[in-house]
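In what follows, a single structure is set out as structure tokens and then discussed.
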Amino acid sequence: MIFKETTLKDAYIIDIEKNEDSRGFFARSWCRNEFLEHNLDIESAQYSISFNHKKGTLRGMHFQVPPFDETKVVRCTMGKIWDVIIDVRPDSETYKNHFSVELSSQNRRMLYIPKGFAHGFYVVSHKADVFYKTTDFYMPENERAVRWDDPDLAIDWPLIEGKAPGLSPKDRAAAAFKDAEYFE
């Protein structure tokens, strides 16, 4: 496995290391020892899948507040997404900064998202499956969200034909970053 630091403190892109032959390849997508060598959280509470049947769907920007804040490892197993994270930890040197990366079934990349980050993605293929490994259980009462299009964040989303994305009512009602409840 190949761990690459992102521009945000404690967040990583994880690429697989292929062992190829005439049949195809074999690669690890999870190794407890390698995660521990990078001081990354290895706890597992839930595995989840987000199936997205429509290009232009946007999910995010979500996070959970303590005591149910969670680390995530995210991978797109079918299709292609534009994945975005925001550091919402006020004491972090990268607070309020964001990072974006394409995750797809072709590049097989994963994104390690530590506690204290908002996360969301935009579907750029016709369909997409997104796999999540989380370190804590989903608790609706502890979930928070910030606006995907907050001008203070200036996230550059690759919107298809400039159309507004497909959003849930919850995401439409998300707070601006300056008004959001996050980590204290």
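Think of each Lys and Arg Cβ as +1 and each Asp and Glu Cβ as -1; about the Cα centre, that makes the dipole of the chain roughly 820 debye.
Per residue of the chain, the DSSP helices (runs of n ≥ 4 H) give a summed -39500 (n - 2.57) that works out to -1000 deg cm²/dmol at 222 nm. Listed by chain and number, the lysines whose C-alpha is less than 22 Å from the C-alpha of Lys18, apart from same-chain residues fewer than 8 away, are Lys4, Lys80, Lys133. Dipole of the range 2-179 computed with +1 at Lys/Arg Cβ and -1 at Asp/Glu Cβ about the Cα centre; of Ile14, Trp82, Tyr138, farthest Cα towards the positive end is Trp82.
Between Glu17 and Asn39, the simple label model (points 7 Å from Cα in the Cβ direction) yields a spacing of 2.1 nm. The amide H of Lys115, built 1.01 Å from its N in the peptide plane, has Thr71 as neighbours under 5 Å, considering only residues 5 or more places off or on other chains.
For the range 52-72 and the range 152-184, what is the centre-to-centre distance using only Cα atoms, to the nearest Å? The two parts, judged by their Cα centres, are 11 Å apart. Legend: calculated FRET efficiency, Ala175 to Met78, from the Cβ-Cβ distance at R0 = 35 Å, rounded to 0.05, equals 0.65. FRET efficiency for the Thr7 to Glu143 pair, using the beta carbon distance and R₀ = 30 Å, is estimated at 0.70. Seen through its C-alpha gyration tensor, with square-root eigenvalues sorted a ≥ b ≥ c, the range 1-106 comes out oblate because a/c lies at 1.5 or above while a/b is not bigger than b/c. Charge tally for Gly56 (other residues, Cβ to Cβ under 15 Å; Lys, Arg +1; Asp, Glu -1): +4.
Restricting the range 19-88 to GluC sites (Glu not before Pro) that sit in a DSSP loop and have at most 12 other Cβ atoms within 10 Å of their own Cβ leaves Glu43.
Of Asn33, Tyr112, His126, which is farthest along the charge dipole of the chain in the positive direction, counting Lys and Arg as +1 and Asp and Glu as -1 at C-beta? Selected residue: His126. As a rough footprinting exposure proxy, the listed residues Lys18, Lys115 were ranked by other beta carbons within 10 Å of their own, and the order from fewest upward is Lys18, Lys115. Once both labels are positioned 7 Å from their Cα atoms along Cα-to-Cβ, the gap between Ile49 and Leu159 label points is 3.1 nm.
Per 10 Å bin from zero, what fraction in whole % of the C-alpha pairs of the range 2-179 is there, up to the bin with the longest pair? Going from the shortest bin to the longest, the percentages are 9, 38, 38, 12, 2, 0.
Here, each number is a calculation from the coordinates, and none is a lab measurement. As the structure is a computational prediction, the values presented were derived from the model and not from experiment. Virtual Cβ from ideal backbone geometry, glycine too; neighbours counted across all protein chains shown.
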